[in-house]
Amino acid sequence: EGTHALYYVDLDGTTPCRADIDGDGSLTIFDFLGFQNMFDAGDPGADFDGDGGLSIFDFLSFQNEFDAGCA
């Protein structure tokens, strides 16, 4: 079946917020759950530290971006 990455198209010239996993414009528990599901499925979209693999450091990177919020 393969993996699926989640991508957003930037139509308004702003930078998309990677931590907004569900794309609803706000950071909620559903973004955490979405990230966890992506990670568990081995989805490359969960590679938040950009090293090409999935590890605890991706969780920490996601959490840091989530905590920083979306501008």
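The values are calculated or read from the model by the stated rules, or taken from the named source; none is laboratory data. The structure displayed is predicted, hence computed values, not measured ones. Heads up: the accessible areas ignore ligands, DNA and RNA and are worked out on the full protein's heavy atoms, side chains in. Shrake-Rupley method; radii C 1.70, N 1.55, O 1.52, S 1.80 Å.
Accessible area of region 18-71 with a 1.4 Å probe: how many percent of it is carbon plus sulfur?
Solvent-exposed carbon and sulfur of region 18-71 make up 57 percent of the total.
So what are the ³J(HN,Hα) numbers for region 49-62, from phi and the Karplus equation (6.51, -1.76, 1.60; θ = phi - 60°), rounded to whole Hz, Gly and Pro as x?
Using θ = phi - 60°, the values come out as 8, x, 8, x, x, 10, 8, 4, 5, 5, 4, 5, 5, 4 Hz.
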